[in-house]
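Only one structure is covered here, and it is reproduced in the block below.
None of the figures in this text is laboratory data; all of them are computed from the coordinates on show. Owing to the predicted nature of the structure, the values given are computational and were not obtained by experimental measurement. Using ideal geometry, Cβ is built from the backbone for each residue, glycine included, and neighbour counts are taken over all protein chains shown.
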Amino acid sequence: MVKQKEIRLDQPIDHNAPPTIYGTKLTPSLSNAALNLTIDFIRQKQSQANTKIMTHPYSALIIVTVASLFGYWKVGWIYEAGGWDLVKQSRDEIFSIVVFVTMFSSILFTVLTRTTDFIKTTSEDLVNDNEGIFGVELKTFASLNENSNDKKTKNLLPKGDNTQIIIYRDTPIAVLSLIPKPELSNEEKFVTKITGCGVRKVYYKSGIIEDLIDWAIYRSNSLNVGKAEKIIVLIDVMSTDLDLKKKLALKNFKFVEKSYYNNSNVLKLFGIYNEVWGLNLNVTSLDDSKVEQIKTKPGATGVDK
């Protein structure tokens, strides 16, 4: 394996390094960085989903209902015998109610949030199975010698052109991967899909995501070697990722369809599902710098997930 560019997401970047920022394609030495940024971004989605569950009105309703029933069982007879004054004096009973509600809430959230563990599993599986994200297995890609002229290297190195990595102060801080979808393409339309992205949290609101989306649009145009008149760029978004959806909307992406994770009734109840967003491009020029964005209606792409 080629020596990898070091990246530690739990530590700040080296502020002694020159304050330069630039974008580069995926190279063998950046394989681990690209993978780690992508995995970290996916795990952030689990945190968002868990927050949605814990702050959802349904969770509050369950806790309030159970607390009321348990509270009535513990002090209802006291209230009927002496009113609120007597209830206030029953400190042991009140304490037991507080303890019960706390324990019940903890157990409830533990059970409910287990439904999002598939996100963690997905991120862990990427370590050994990531060709669907990057268009090439990174373990194989990381072993390539960029200076070699053998057939394998010549075939695999260009795969790195479909992943863009942002380097700041000599540290990878963001990544976005794109792959063509030939099974969805035809003579009239060329379809690509943003399959993975990742940004260090501290830089998420810096505009890097927007720049990477722009790169994906222009890269899709470059990949359109068949010169189809329409280009469609797709991306999967978790319903809880409101910030990313806002950024996509500003880039004229439109909601296409939704599907449920693992057909989970709990996730359905709490409004957690996968959304497909898409952007239609009318190719008026083959120059990457001139791609006309056209407005579309939700679901008008004619493309299934």
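At a glance:
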quantity: Ordering of 11-23, 56-68, 137-149 by burial proxy (mean other Cβ atoms within 10 Å per residue, highest first); calculated: 137-149, 56-68, 11-23
quantity: Hz values of 3J(HN,Hα) by residue in region 247-256 - Karplus curve (6.51, -1.76, 1.60), Gly and Pro given as x; calculated: 5, 5, 4, 5, 9, 6, 5, 10, 5, 10
quantity: Contour excess over end-to-end distance, with Cα ends at Leu108 and Asn252 and 0.36 nm allotted per residue; calculated: 47.9 nm
quantity: Net charge contributed by nearby residues that have their C-beta within less than 13 Å of Pro158 (K/R +1, D/E -1); calculated: +4
quantity: Proximal lysines relative to Lys201, as straight alpha-carbon distance under 22 Å, when same-chain residues fewer than 8 apart are discounted; calculated: Lys5, Lys25, Lys45, Lys52, Lys120, Lys245, Lys246, Lys247, Lys251
quantity: Candidates Phe109, Phe190, Phe70, ranked by Gaussian network fluctuation over the chain, Cα under 10 Å, top entry; calculated: Phe70
quantity: Assigned charges on the beta-carbon of Lys, Arg, Asp, Glu; region 242-284 dipole about Cα centre (debye); calculated: 120
quantity: For region 105-175 and region 7-23, distance of Cα centres in Å; calculated: 20
quantity: Point-charge dipole on Cβ atoms (K/R +1, D/E -1) for region 1-80, about Cα centre, debye to 20; calculated: 280
quantity: Calculated log₁₀ intensity ratio I(q)/I(0) where the Debye formula runs over C-alpha points of the chain, q = 0.12 Å⁻¹; calculated: -0.87
quantity: Helix-only CD estimate at 222 nm, as mean residue ellipticity for the chain, using -39500 (n - 2.57) per DSSP H run (n ≥ 4); calculated: -14000 deg cm²/dmol
quantity: Rel. contact order, % - alpha carbon contacts under 8 angstrom, at least six apart, the chain; calculated: 20
quantity: Total formal charge among the other residues, if their Cβ is under 15 angstrom from that of Ile53, Lys/Arg +1 and Asp/Glu -1; calculated: +3
quantity: Student exercise, region 147-247 dipole from Lys, Arg, Asp, Glu Cβ charges, in Debye to nearest 20; calculated: 200
